[in-house]
Structures are given as structure tokens and as C-alpha cells.
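First up is the structure itself, then whatever we jot down about it.
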Amino acid sequence: MSSSAAARKRGKAVPGVGAAAGAGKRRRKGGAAGDGGRSGGGVAEEISSDSESESLAPRRTKEEEEEEELEETAQEKKLRLAKLYLEQLRQQEEEKAEARAFEEDQVAGRLKEDVLEQRGRLQKSVAKEIQPPGPADIRVLRGHQLSITCLVITPDDLAIFSAAKDCTIIKWSVESGRKLHVIPRAKKGAEGQARGHSSHVLCMAISSDGKYLASGDRSKLILIWEARSCCHLYTFTGHRDAVSGLAFRRGTHQLYSTSHDRSVKVWNVAENSYVETLFGHQDAVAALDALSRECCVTAGGRDGTVRVWKIPEESQLVFYGHQGSIDCLHLINEEHMVSGADDGSVALWGLSKKRPLALQREAHGLQGEPGLEQPFWVSSVAALLNTDLVATGSHSSCVRLWQCGEGFRRLDHLCDIPLVGFINSLKFSSTGDFLVAGVGQEHRLGRWWRIREARNSVCVVRLRRVPVPPAAGS
């Protein structure tokens, strides 16, 4: 029997054998517990037994770690939401600041416009945005039997008043084109008072609040109407010849009138009273206009002058430039105006200079046989308030739109609107969305000749505007 076998019988462990077997068993257990690949002596045994006894500890640690992770995630979520909320508050404050800055810019812009308007220097650029109107943009309103002589648009742009040589006044709806009211030729009432005109109506004006309508005729009368109901209110007498021009001072009920008797009169419509009379023209006055200032401008017809009347000082400024009879004029702003004459010229004026800033001769071309050509008369002018857009009318089968150059020192032709007949009156709507033309077979002030193919009508021309993109680099 070998020594090793004898030793096993005696119960003694042979060094190396039992240890190796035990280590083998422990290695298998360690492998099952996940502690594989380790071998060795007692230290290895202790490590293996420790890992066995603490095999449940990592599970608790993982759960705790998971709970800790969940708790941290909630905290992170709260932190994230708090940051998001602060970011939203910051963005809202930035938007409010931008809105305030934008409003301040708008207010500053409006204040600047108001200051420029008061100084008469405001010139908004809109002319280049106007697209040439086509036939579909023109509506024709028929109702008068004779030539249209004058028209006005209500301040809200909802209605048009037109008057004609047939002594009638018609109120039209801009939207539908229907007649809202007709003031017929004068008939004697029960009390013997006239309730209409008995002769050609030559001029009209409407107050800036839309309350009063004034109309003047060849019978030297000015009739005051309640614009909404077309009820007759007052009759002003005092002129000694045909009343040819009327205008309300903006923001007031002060009325200016002019006549072929060469005078300018001032009236207070709200108080039904006469104020004063001014003299200066040397011939029949053909037209008058006014804005907010206590002054008015007149076209002196054959005396060849345009005059600015300063009412409080009872003084006047005299301007020269046209070579023919000045038949029409219109204020562009408080410091500039446009006028037209029967010599075919259109002039732009600054009230600080006695000569035109710009003069466009033969504005509507020439007519007549070769060698005997004469310019088409300019019978009406209009300007879109505080802008660079001007319209002129003649009997050249078109209305012409013009752009006033920088500083009103140039007049550039934009486009033509085809209309046959004498264009006796032109008015832009306050927004510039449409232009109204009073068309007749005869001139407003006489019967020198007649265009038979023309139709006595009110033409409403829609003006389409397309914003012009800013220039590159601006």
C-alpha cells in the first residue's frame, strides 16, 4: 500500500491533494456565484466565501440606486421645467420689449408724420405702387341728364355726392353704385322757399366730420345741407355772381367760398353766420381749396394768378406761372399745391416761392390740324393728401396719373386711365383706394364745344397698389 493511501486511512490529509480538491469545489461554487477564474490559497478561499455571503447585497444596492436614479430624474425634471419656465419668461419679456419698441417707433413715426404734416412737408411715396387701371377697374354711374360739374366723397369713403348742369345733386353708394338720394331741381315749397338749385351747380364741399354739405350755383346761392339725410338747412346769400368754389377748413365748420365776383367770403356754418369778405383778384375766380390752416388758395382764372389768403391777417400772397386761364387747383399738403390751366400746363407750387417748383407744359398733348395745334385744356386736378400722387383731367380721352418728384420739383407721368369726355372734377378717396371722375359732354364753365360720344356720368376707378420692394443694399 502506498504511503498516500495509508495516510488517507489514518485520516490525515495529504498536503496538496485535499486542498486541490477543495479548491476545485470552491471554484465551481465561485463560478456559480459569478466569481469565476480565481484560484489560490486561503486568501482566495476567503474572498470566495465573502462573495457568497454577500451575494444578496448588490441587489439591494441596485434597487437603491434605481430609486436614487428615479429621485434624481424627478429633480432633474423639476430643474429642467424651471429652466424652461424662466426661458419662457425671458422670451416673453423680450417680446414685450420688442412690442414696446415697435409701438414707440410707430408713435415716433406718427408724431414725425404729424409734425411734417403741420409744416406742410409730408410726402408719402405711393405713386410707384399704383398699377395702371384696366377696363374692369372702372365703374360707370349714370343718373344725371347733363354734364357733371363737381363731386365730393364723404370722409368715410362710403358715399359720393355729384352735381351737374341739370341742377340736381345725387348721393351714391360707393359699394353698390346705387342712388341713395336725389336732390331735384328747385321747386317752390309751401312757404315759398327753394329746396334745391334752379341753375347749374358749379361747386360742392363737405365738412371733415361729414356733417354738412355745401353747394354753390350760378344763381349766386350757397345751399347748406345735412349730408346724411340730404335735408336743406340754410341758404347763404351775398355773392354778386356765380359761386365757383367752396371748401371747408378741416376740423371745423368754417366755410370758404369764392365767386366770379372776384371775392372770397368766410362763413360759419354751425352758427349760420357770415364772417367776412376778402378782395384781390382782377378777374372771375375759378376754383378754391383749403386744408387745416386758417387760410385758403384760389385760382384766378383769366387774371393768371394763384393766391394764398391768410384769413386772420386779411392778407394775400400772389403767385405767377401759367400763361392761360387757371381753371383748377388742389392742395397736396399745407405747403404745396397743384394747378391746371387752359394753356395745357400743370404746375406744382410751394407756398414759400412765387414761381412754380415744376411746370409740365402740354400735359395732355396737342389737338387740331397740323400747324394749328393747340394744347388740351386741363379742366381738373386732384392730389392724394400728403403723398406724391396727382391726377389731371382734360378732354383728351384720358385721366393722367403723375408722380411728384422729390421736393415737388418734378412731375413724372405714370399712366393713363381711358375716359371719354370733359373731366370736370376729380377726387381721390381718403385711403387712396379709388379715384372718382365727373365726366360730361361739355366743360364745367361753358359750352364752347360738345363731345357727343361722351356719357354724362360718375366714374369710379379702382386703384390697385403693389408695394415696391426696397432697393438692394438699402
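The values are calculated or read from the model by the stated rules, or taken from the named source; none is laboratory data. None of these values were measured; they are calculated from a predicted model. Quick reminder, even Gly has a Cβ in these numbers, built from the backbone with ideal geometry, and neighbours come from all protein chains shown. Remember, those area values only see protein heavy atoms, side chains included, never the ligands or the DNA or RNA. Shrake-Rupley method; radii C 1.70, N 1.55, O 1.52, S 1.80 Å.
With the condition being farther than 25 Å from Q374 by Cα, I'd like the strands (runs of 3 or more DSSP E) fully within the range 385-438 carrying at least 1 qualifying residues.
Because the criterion is at least 1 residues that are farther than 25 Å from Q374 by Cα, the strands (runs of 3 or more DSSP E) in the range 385-438 that meet it are 389-393, 398-404, 422-428.
Out of curiosity, is K179 in contact (Cβ under 8 Å) with a residue 40 or more places away in the chain, open to solvent by 70 Å² or more (accessible area, probe 1.4 Å) and either charged (D, E, K, R) or at positive phi (or both)?
No; evaluated as a whole, the condition is false for this residue.
Quick one: how many residues across the range 387-412 are more than 24 Å from H443 (Cα to Cα) and open to solvent by 10 Å² or more (accessible area, probe 1.4 Å)?
7
For the list (1) surrounded by fewer than 14 Cβ atoms within 10 Å (Cβ to Cβ); (2) over 17 Å from R462 (Cβ atoms); (3) at pLDDT 95 or above, I need the number of the one condition that D433 fails.
Only one criterion in (1) surrounded by fewer than 14 Cβ atoms within 10 Å (Cβ to Cβ); (2) over 17 Å from R462 (Cβ atoms); (3) at pLDDT 95 or above is unmet by D433, namely (2).
With (1) outside any loop (DSSP other than H, G, I, E, B); (2) at pLDDT below 95; (3) of a type in the set (F, W, Y) as the list, and W449 as the residue in question, which single condition is left unmet?
(1)
Considering the range 405-420 alone, what residues qualify as being closer than 24 Å to D343 by Cβ and out of contact with any Ser or Thr (no Cβ under 8 Å at 6 or more places or on another chain)?
G405, F408, R409, R410, L411, D412, H413, L414, C415, D416, I417
In the range 363-382, which residues are open to solvent by 20 Å² or more (accessible area, probe 1.4 Å) and either not aliphatic (A, V, I, L, M) or not in a loop (DSSP other than H, G, I, E, B) (or both)?
Residues satisfying the conditions are G365, L366, Q367, G368, E369, P370, G371, E373, Q374, P375, F376, W377.
Looking only at the range 118-171, which residues are within 23 Å of G210 (Cβ to Cβ) and among the charged types (D, E, K, R)?
R139, D156, D157, K171 - these are the residues of the range 118-171 that are within 23 Å of G210 (Cβ to Cβ) and among the charged types (D, E, K, R).
In the range 123-138, which residues are farther than 23 Å from S176 by Cα and not in a loop (DSSP other than H, G, I, E, B)?
K124, A127, K128, E129, I130
Can W172 be described as assigned to a strand (DSSP E or B) and more than 23 Å from N456 (Cα to Cα)?
Taking the combined requirement at face value, the residue does not satisfy it.
Counting only residues that are touching a strand residue (DSSP E or B) at 6+ places or on another chain (Cβ under 8 Å) and surrounded by fewer than 18 Cβ atoms within 10 Å (Cβ to Cβ), which one in the range 198-219 is nearest to W172 (Cα to Cα)?
K211
It is to be established whether one or more residues within the range 171-180 are within 28 Å of Y274 (Cβ to Cβ) and at pLDDT 95 or above.
Yes; the residues of the range 171-180 include at least one that is within 28 Å of Y274 (Cβ to Cβ) and at pLDDT 95 or above.
Report, by residue number, each residue of the range 220-236 that is surrounded by fewer than 20 Cβ atoms within 10 Å (Cβ to Cβ) and part of a loop (DSSP other than H, G, I, E, B).
Matches in the range 220-236: K220, R228, S229, C230.
Restricting attention to the range 406-416, does a residue exist that is more than 15 Å from I332 (Cα to Cα) and among the aromatic types (F, W, Y)?
Scanning the range 406-416 turns up no residue that is more than 15 Å from I332 (Cα to Cα) and among the aromatic types (F, W, Y).
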